[in-house]
Every structure is written in C-alpha cells, then in structure tokens.
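One structure is given below, encoded as structure tokens.
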Amino acid sequence: MKPLMLQGHERAITQIKYNREGDLLFSSSKDNKPNVWYSLNGERLGSFNGHQGAVWCIDVDWTTTRFLSGAGDNTCKIWDCETGKEIGNIVTNSSVRTCMFSYSANMAVYTTDKAMKQPCEMFIIDVRNVDESISHQDPILRIPINGPRVSSILWDNLDESIITGHENGEIITWDLKTGKKMNSVKEHDSLINDMQWNKDATMFITASKDHTAKLFDAESLALLKTYKTERPVNSAAISPIAEHVVVGGGQDAMDVTTTSARVGKFDSRFFHMVFEEEFGRVKGHFGPINSVAFHPDGKSYSSGGEDGYVRVHNFDSSYFEYNLDY
Amino acid sequence: MAKKKLEDKNSQNGDNTKNEDDSSSNDEEPNFSDPEGFVDDITEEELIGDILKTKPKETDGVESVIVVDGVPVVGPNRIEKLKSVINKIFVKFGSIVNEFYPVDEQGSTKGYIFIEYSSPVHAAEAVKLTSNFKLDKQHTFQVNLFTDFSKYESIPDKWEPPEPQPYQDQNDLHYYLLEPDAYDQFAVVTVQAQFVQIWQNTQPDPTMVEERSSWTQTYVKWSPLGTYLSTFHKLGIALWAGPNFDQYKKFAHAHVQFIDYSPCEKYLVTYSPQGDPYNPDQKKIIIWDIRTGQEKRSFNPEGPSAWPIFRWSHDDKYFARIGNDVLSIYETPSFGLLDKKSIKINGIRDFNWSPTDNVVAYWVAEDKDVPASVTLLEIPNRNETRKKNLFNVADCKIHWQKSGDYLCVKVDRYSKVRKEKNEIKYSGMYCNFEIFHMREKQIPVDSVESKEPIQCFAWEPVGSKFGIIHGESPSINVSFYEVRQGQAPILLKKFDKRACNRLHWSPNGQYIVLAGVGTNGGGSLEFVDTHEFLVMNTTDHFQMSDVEWDPTGRYVVTGVSYWKTKVDTGYWIWSFQGKILKRINLEKFAQLLWRPRPSTLLSEEKQREIKKNLKKYYAQFESKDRMRQSKASKELIEKRAALMDKFNDIRQKRIKQYVENKARRLALRNNVDTDELDADTENVEEEIVEFFIKEEVTIVE
C-alpha cells in the first residue's frame, strides 16, 4: 500500500481528525494553518487562515458544518467548514490545548494551559448560534482545574460528561450537571498526549509519554488493556471494524541524540486490542508521529508526524485476511 | 541496677569529702556510711573494670622489645662488627633505645638478641618486615615480639585433638548439568537495584530460575567451569552455588574490583587496586583456595598492569606473572616460586600459557643488536622447545588456539622507525602472522603477511581455521585462512566490505558471527557457516555492545548494555543460523553471561560415534521439538481464548447500555441515526472526486 503523502504543512503536525463520514481529513500544525483534505485522493480542499500561533487542537462537528480549533495565540476559533471563514473567536488567557464538540454539537469544550500565571481552566460554551458575539458571551460552565493541566479531552455520546487526561497521567470524569469530579484514576506515569473513542464510545484509548497506550472502560475508568512500546506514545486509535489498535509516537525530537532514524522508532505500530500483541508496523515518517486516526470505515488510517507530513494509508487485502488465532 | 546504685553512692562518697570543705553551701548532710552488716559483694572487676585494664602488667614496658633469632654466632672479637650489621637492618624501623646480645662464657654470642625500640609501633613494624629476612645463605631471622612469650606460654602442654566439624551438605554443585534437554543457564544483571536474574534457556520461552535484588554491587562472574557464580561486594567476593544458589564461600577483600579464577576452579585471585583506606595493610592481590576459603598468598604489585596480572596454566599447577626482565612462575599448592627463583628474560614483553599444555609462549622486544623473538618454554623443566627470531617488530600479540594445537603470534612490523622526544614512532606498518604447529615435530612455523591494518583476529576454537578482519574503513574485509600440516596457511574465503569489527566463533567451531559492536559498529550481524562459507543471515541489533555464544554453540545473544548506551537496553536471543528467537527489552540491562559448561567427559571415539549416528537421534529431537512447539501454540491459543472471553464479558454489559441509549443519542442529533456509517440513507449525496494518475507534458510547437 503506497501511502498518500499530504504535503501542505510547513511545520510539525499536531492533530489529525476525520469527519464523521470520513470523506474529509482535517489536520492542524504548528504552522498556524489547519488544512482540510479529501481523504480519498489526498487533494487539499482548503485552509483555515487566521491563527497567529501553533494550532494545538482541532475538531469538526458531526454534520461537518463547523470546525473548531484552539491555538497557542490564546484563541479558540470556530469556522464554517464549507467556506473556511472564521465565524467565532474566543480570546483566552493562555494557549488553548484541547477542544471538542459535544455529541450533539450544541456545545463545545476547550481547556487552557497553566501558563503566564494563568491557571488551567475548562470552558464549556454554547455553540448553537455562533457569531461575533460569542467572544463576550459567558460560558455555560467554567471549571478551574487545580493541579496538573489538561492535556487531552473526550466528550461522551450523551452530552453528560467529559473525560480529561492530565499532564501527570491522571484521568478524570466530570459531571456536567454539577461541574464536579465524578471519578478519577491514575494508571499512567506521565503526560497523556491523546485520547480517542472506540466506535460506540464505550471504551477509549490513551497515549502517554510513559511509553504505553492503554484501553479504559469509559464508565468505570477501569483499565482494560496496556500496549507497551519503548518510546513515548503520542497518539493511539482504535479500529472501528477490527479488534486492532494503532499507536504512533517515537523519541522526542529534542531527545534524539543520534541522527539515525532507527533510534527514534518512528513507526506506526499495530496491536491486537485484546491480546496486547503487536502484529505489524508501518514505517515512513522521519520524525515522531504526533497523531494517528482511523478512517470511520476502518479501511484506511492516517498519521501525522513531526516531519510535517500526513500519510494516508489504505490497507492491503492481506490486512483484512490476517487474524490471530484463538 | 545494684551496681549502678553503688557506683552512685561511691561517687557521692567522694563528693562528700569535698562537701565538707565548703559545708556552708550544704546545710544538711546525708549519711553515707554503710549500714551495719553490709557485705560488699561487688568485685573490683565490676566496680573499676576500666581502671583495672590499665593496671601495669609484667610485659609492660617490654612491648617495644623484639627477639631476633637466627643471628650468626660470633666470637667477642667480631661482636662489634655484628652489632653494626644488625643495627643497619633494624634502625630502619625506628630509633633503637636498647639492645642486648647474650654471650656465653667464652664471650661469643648465642645466636639470638634483644632489641628495644622507642615505641611498640616500631617493634611491630620490625617484626612484620624482618621475619624470614635472609641475612645470608645460612642465616634467616626469626623475629618475634617479646610479648609473644606470654602468648606461647599459655599453650597447654597436652594437645587435644580438635572436635570434628559436623558434616555440611553443600548440595549438588553440578545439578545444572543434569538438565535432560541441555538447556543452558544465563545470568542477567540490571543496573536498577542491582537485580541479578538467573534464567534457564528453555524452549520456546526461557524460564527464570532465580531473581534477587542487590545481589551484587557491580557485576557478576561465572567460574570457568560454571560451578560458582561470583558477586562483588564492598567487603569482598561471595560465591554462590547449588540448586538454590546458596552462599558457598565468602572472600573478604575490601574494595575488590577484579577477580580471576584458575582454570580448574581451585583458586581465586582477587584484586583491589585502590586498597582499603581503613586497613592499609590489606594486600592488593590475594589468592584464595576456593574449597577451604583460605588465603594462600598475597601480593602488592607496583604500578598499574593489565588484568589478569597472574596467568594460570591449564591444570592449575602453575601461575605466572611478568616483571622487569623476569618471568616469575609460582607453583601450587606451595605458592612459592618455581625452583625458588624467577626466570631472567631480558626485554620480556608478554607471555601466555598454552590452554592445554604446560608451555609458555613469550616474546621479547628488540634491543640494539638482539632481534625480537618468540620463545616456547616448557614448564617445569624450562626447556626452550622453539625460538623464532623476528625483525622490525613494533608489537606482538600471542593468540593460542583453544585446543592448543596452534599458536599464532600476530607481529606488527614497521619499515621505518623514528625517535621523537623519547617517543618511538613507527611508520610503514604491516603485519605478520606466525603460525606455530604445536603438534608437529620441531614445531614448524609458517607465516602470512598482511599489508593492511588488522582489526581483529580469532582462532576457530576447534579445528584449524582462523579469521581476521583487515583493512581500513570503509573497506573492511574479512578473510578466513586454514592452517595445514607442512603448508603455509591458505586463504579460504574473503568477504569484501563488511561493516564489522569483531569475530565471534561458535564454541564448537564451524559457525561464526561477524559483528559490528559499539557505537561505530552500527550493530550489524552476519551469521556465517564456514564449512562452505555460506552467509546464513545478515541482520542487525542496533547499538549492540555484546555478543555471547552459549556454551553449546546453539544460541547467540546480542545485548545493548546500559553501561554503553542508555536507550533500548536489552538482549536478543538468536539461533546459531541467525534466526531471531526472542527480543527482550529490559530497562537498565547491564550484563548477560552464559553459565559455562565443563568440557565433555565422553571419549573421542564416543563423540565420533554420536556424530555418526546423529540421524538416529535426529528424529527423536525433531518430535520433541514439535511437541514443545505445538504445546506452546496450544497454550498461547488457550491464553488468547481466555483473554477474549473475559474481554467479551466486560463488553456485553456496555454494549447493552449503548443499545438502550440509542433513543437519547437520536434525540441529540435531530433524529439522524449516526451509529453506523451507512445508517442515515436519506442524507447521502454523491460526490465525484478526481484522482491524479499521471502527468504528461506535451510541447506544442
């Protein structure tokens, strides 16, 4: 399978996301301009121009009408997907690290970094009617996060709770009716870089700097599985059709002391979700992988790396034939 | 308690007298006198034990007196002469305040004298250093402290035989050799908490035999036959043996850093280069008897030297070290010099024992008109069996083949030499291999020349081949030669442009691993069958720092040690053909050592017979392997099935909830079903996308 190379970013990719149907692939990068691509042929559809800093997080609503992005320029912006126009701009006190639409896309959440003497905070906003006025509207809920900052976020599929992953490896469930903590676990030793749902949003996979990816039950936060690697894991995703997970990561660019790519281990690695056994690797990036995502049909996946490329891989038939016996 | 009270009382009594002097401060005076009928039942020992200790003894004042026996008997006319000789020897240890030469009626000395020093320290020093001092051929001093007399006095006249010690079973030290499948053991050390693990290389997965934290403070070492595991501690060396790795012996030698076993495991040499600051008397090198744990002899070598300083003959009978223009050979079990003197060899630079015979090969450097030479010396009769002169020699390396059949001396030679500020600079270097055929009459010597620099040399442990890595980066080549009777070595095969810097022969010969070890090596691995020079596999283990064959030649382990690099430490196990069997990534992995095996007890014929009938056994092993494999895969399948069942159990509940919540999800998304990709059939739009297939440029004129 020769991958499609999406060249359009000038700096490291920070996050990639498919829309619900999977025909479009959104990508954000440290170069300030999120892009959107046709996932089928890799053609670039357009860019979202307006941010003044590295874009850390993106999301697209389920109808693919609005696009959300948070950046290091202390803004969180909402865009019209079709035209690429900015329709809402929220100025924050520090960088926006995570953002996500709710299941219904009536609400959205974003979190800010603990930086410049500002605390880490989580904001839940109403995004039913977005216009310029959103910048001075009060959020529905504003939750100060005391302690380690939020580094990744997930919204459940009933608009009732939010799960946050933290800098110290902690995972917390928040009840949105009360704005209080419902549950928390600490199974990771270090920063949680990414969290992604399985197809029915009953389990999620975390990717941590502690070299592991872990599978959790969404309701109880019970640890189900652990996928071990030798390098920090930056992103992990669950296949919607098979019991497979893909994890991507690699040695931090600043920690690479030798020039050889072999030391970095910049491969996408496939694990069996239940057996925790690695069964495949995909090489290609020449820097750490920062974000991976499965196509909603499960027949392809993409990875975005520190090298600035997004690679769209269509699986060969042998991938679908391969089975671990049990 | 009573004692304390009384002591208090006593001291108060003492105070009492003082108080009488300034009674103005004390209005009332308690009565301290003993009540009537008081019996003093406390001994003086208890009361003033500390003071009693300092009570003068008979021997007091004579502590600094030494008695010297073995002094020549001289007449009165020569007594002054004797005194001056004796004085010269003993004044070195401190000022002599008194001396006494007992004389008989004729006025001649009695052969013993008394010397008093100003301090007991000097006396002790004198005893230590002049005992067994050889004045001349007939006279050897026996020196004792005068105070020793009381020690020897107290020896009872009647000798009582010592109590027999109860027998302590030391378990079967060689139990690991009884393993029916000949699985070998290996030891793994990690830097983290100094974990030491002992594994058995069972198939398909190794099993752990033992794991202990802080078992050693630095590293571990197996004894040459594999009986003992030695661990390093601040206070010395501990040996562990038997099925439970019980402590077998301890050897106290503070700050020990290096050890060496004699080949038959009879003796252990420990070396503490820094010594012990709290015990400056401790010798730097101690040789121990392993079975009794006794110190046999100790040495204080001057200056730094390459470890092992002492080299053992194959049968533990002799050990030798090199000195300034001498080769000192010691005998066991007496631990004295062989024939009581070192062998004088001018310009000796290096030597090595044959691994199978009591023959020493040494080489001497050039000296003006005398050429350099390599000599074979038989021990103990000191017969020179062969001597070969060499010219233009810069350096020599002595390589014995493991079976002792051949000796190769790698001679680095030069075409020009310059002297620059006391430094000798050689140019136009080339290299000769001098091959000694040990098993032939007169020991003929063949030589091979190489113009290229040599990176590595290695004998096939069994057989007659050797391999060399030669050339300069980037064109590094590997050549294999065979040594034949009465012929110069023949080049068998040359591999051009290989990225390797080390040769690792299988302990049984024939197979070899060409390895690129260390930061420059890149971790390349090439498994070669030297029978037909077939490259069985070419692969790599990035940043690998060690390559270790198991003692049977079936497996190879490559390791990345934490001592060399900090990332991706661990060890990989390969088959001898270069097939990867296991990758074990172990954080802070430092060292892996296979447990050695003693050489086989089977006779040559028996071994040949087994080799001939290998086909017969082959089927047996094959079926055993297959069974093991199928058992393993069956176990794996069962394990997976169990995991799957458990996982599905957990999932069922969640899926049920998910289905129940469908209505609520629909409500949130305007009654559009998005649970499946194709669930919402009404809102499907067809879109046409173009694929970029190829680009053609046509130039229109």
Inset, instruction - Return the total of residues in region A:301-326 being more than 14 Å from every other protein chain (Cβ to nearest Cβ), in contact with a Gly (Cβ under 7 Å, 6 or more places away or on another chain) and either without any contact (Cβ under 8 Å) to a residue 12 or more places away in the chain or not acidic (Asp, Glu) (or both). - result: 4
Legend entry - Residues of region A:182-224 classified as more than 11 Å from chain B (Cβ to nearest Cβ), among the basic types (Lys, Arg) and not in a strand (DSSP E or B), total: 1
Legend entry - Residue check for B:Glu125: crowded, with 17+ Cβ neighbours inside 10 Å and either charged (D, E, K, R) or not in a helix (DSSP H, G or I) (or both): no
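Among the listed residues B:Lys419, B:Lys341, B:Lys410, B:Lys402, which satisfies the condition of being under 17 Å from B:Trp312 (Cβ atoms) and basic (Lys, Arg)?
Only one candidate qualifies: B:Lys402.
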Legend entry - For B:Asp675: the one exception among (1) over 44 Å from the mean Cα position of the chain (by Cα); (2) among the acidic types (Asp, Glu); (3) more than 8 Å from chain A (Cβ to nearest Cβ): (3)
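If you go through region A:299-312 one residue at a time, do you hit one that is assigned to a loop (DSSP other than H, G, I, E, B) and closer than 20 Å to A:Ser208 by Cβ?
Yes: region A:299-312 contains one or more residues that are assigned to a loop (DSSP other than H, G, I, E, B) and closer than 20 Å to A:Ser208 by Cβ.
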Legend entry - Cβ pairs under 7 Å, 6+ apart, first in region A:76-87 and closer than 14 Å to A:Trp37 by Cα, second modelled with pLDDT of 90 or more and charged (D, E, K, R): A:Cys81/A:Arg66
Inset, instruction - Determine if region B:591-606 includes at least one residue that is buried (at least 18 other Cβ atoms within 10 Å of the Cβ), within 14 Å of chain A (Cβ to nearest Cβ) and under 25 Å from the mean Cα position of the chain (by Cα). - result: no
Inset, instruction - Name the single residue, out of those in region B:276-292 being part of a loop (DSSP other than H, G, I, E, B) and within 17 Å of the chain's Cα centre (by Cα), that is farthest from B:Gln170 (Cα to Cα). - result: B:Lys284
Inset, instruction - List the strands (runs of 3 or more DSSP E) that sit entirely inside region A:12-88 and contain at least 2 residues that are at positive phi and within 14 Å of chain B (Cβ to nearest Cβ). - result: none
Legend entry - So A:Asn129, is it free of Cβ contacts under 8 Å to residues at least 24 places away in the same chain, out of contact with any Ser or Thr (no Cβ under 7 Å at 6 or more places or on another chain) and not charged (D, E, K, R): yes
Inset, instruction - Looking only at region A:257-300, count how many residues are at the interface with another protein chain (Cβ under 8 Å from one of its Cβ atoms), over 17 Å from A:Ser239 (Cβ atoms) and modelled with pLDDT of 90 or more. - result: 0
Inset, instruction - Count, please, the residues in region B:678-701 that happen to be at the interface with chain A (Cβ under 9 Å from one of its Cβ atoms) and surrounded by 10 or more Cβ atoms within 10 Å (Cβ to Cβ). - result: 1
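Every residue, every condition in (1) touching an Asp or Glu at 6+ places or on another chain (Cβ under 7 Å); (2) surrounded by 10 or more Cβ atoms within 10 Å (Cβ to Cβ); (3) part of a loop (DSSP other than H, G, I, E, B); (4) not assigned by TED's automatic domain parsing to the domain that holds B:Thr147, yes or no:
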{"position": "B:Gly37", "(1), (2), (3), (4)": "no, no, yes, yes"}
{"position": "B:Ile48", "(1), (2), (3), (4)": "no, yes, no, yes"}
{"position": "B:Leu52", "(1), (2), (3), (4)": "yes, yes, no, yes"}
{"position": "B:Val73", "(1), (2), (3), (4)": "no, yes, yes, no"}
{"position": "B:Arg78", "(1), (2), (3), (4)": "no, yes, no, no"}
{"position": "B:Lys83", "(1), (2), (3), (4)": "no, yes, no, no"}
{"position": "B:Lys88", "(1), (2), (3), (4)": "no, no, no, no"}
{"position": "B:Lys92", "(1), (2), (3), (4)": "no, yes, no, no"}
Inset, instruction - Pairs only if they're at least six apart or on different chains, beta carbon under 9 angstrom, first in region B:634-646 and at the interface with chain A (Cβ under 7 Å from one of its Cβ atoms), second surrounded by 13 or more Cβ atoms within 10 Å (Cβ to Cβ) and among the hydrophobic types (A, V, I, L, M, F, W, C); list them, first residue then second. - result: B:Arg640/A:Val274; B:Arg640/A:Phe275; B:Arg640/A:Leu324; B:Leu643/A:Val274; B:Leu643/A:Phe275; B:Met644/A:Val274; B:Met644/A:Phe275
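If I ask for residues that are hydroxyl-bearing (Ser, Thr, Tyr) and within 17 Å of B:Leu525 (Cβ to Cβ), which ones from region B:566-588 would you list?
B:Tyr571, B:Ser575
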Inset, instruction - Kindly indicate the residue of region A:102-113 that is assigned to a loop (DSSP other than H, G, I, E, B) and surrounded by 20 or more Cβ atoms within 10 Å (Cβ to Cβ) and also farthest from the other protein chains (Cβ to nearest Cβ) among those meeting that condition. - result: A:Asp113
Legend entry - Residue ranges of strands (runs of 3 or more DSSP E) in region B:475-518 with at least 3 members under 14 Å from B:Cys456 (Cβ atoms): B:477-482, B:502-505, B:511-515
Legend entry - Residue list for region B:380-391, restricted to those being in contact with a Ser or Thr (Cβ under 7 Å, 6 or more places away or on another chain) and either without any contact (Cβ under 8 Å) to a residue 24 or more places away in the chain or closer than 30 Å to B:Thr600 by Cα (or both): B:Glu384, B:Lys387, B:Asn389
Inset, instruction - Inspect region B:527-541 for any residue being under 24 Å from B:Gln197 (Cβ atoms), away from every other protein chain (no Cβ under 14 Å) and assigned to a loop (DSSP other than H, G, I, E, B) and give the result as yes or no. - result: no
Legend entry - Residue that is nearest to the other protein chains (Cβ to nearest Cβ), among those in region B:543-584 that are within 12 Å of B:Gly518 (Cβ to Cβ) and not in a strand (DSSP E or B): B:Gln543
Inset, instruction - Please verify whether region A:158-168 includes one or more residues that are crowded, with 20+ Cβ neighbours inside 10 Å and either under 20 Å from B:Arg664 (Cα atoms) or within 14 Å of chain B (Cβ to nearest Cβ) (or both). - result: yes
Inset, instruction - Select, from B:Gln629, B:Gln591, the only residue that is farther than 20 Å from B:Phe527 by Cβ, in contact (Cβ under 8 Å) with a residue 60 or more places away in the chain and assigned to a helix (DSSP H, G or I). - result: B:Gln629
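The values are calculated or read from the model by the stated rules, or taken from the named source; none is laboratory data. For clarity, every value in this text was computed on a predicted model and none was experimentally measured. Neighbour counts are summed over all protein chains in view; Cβ atoms, including those assigned to glycine, are modelled from backbone coordinates with ideal geometry.
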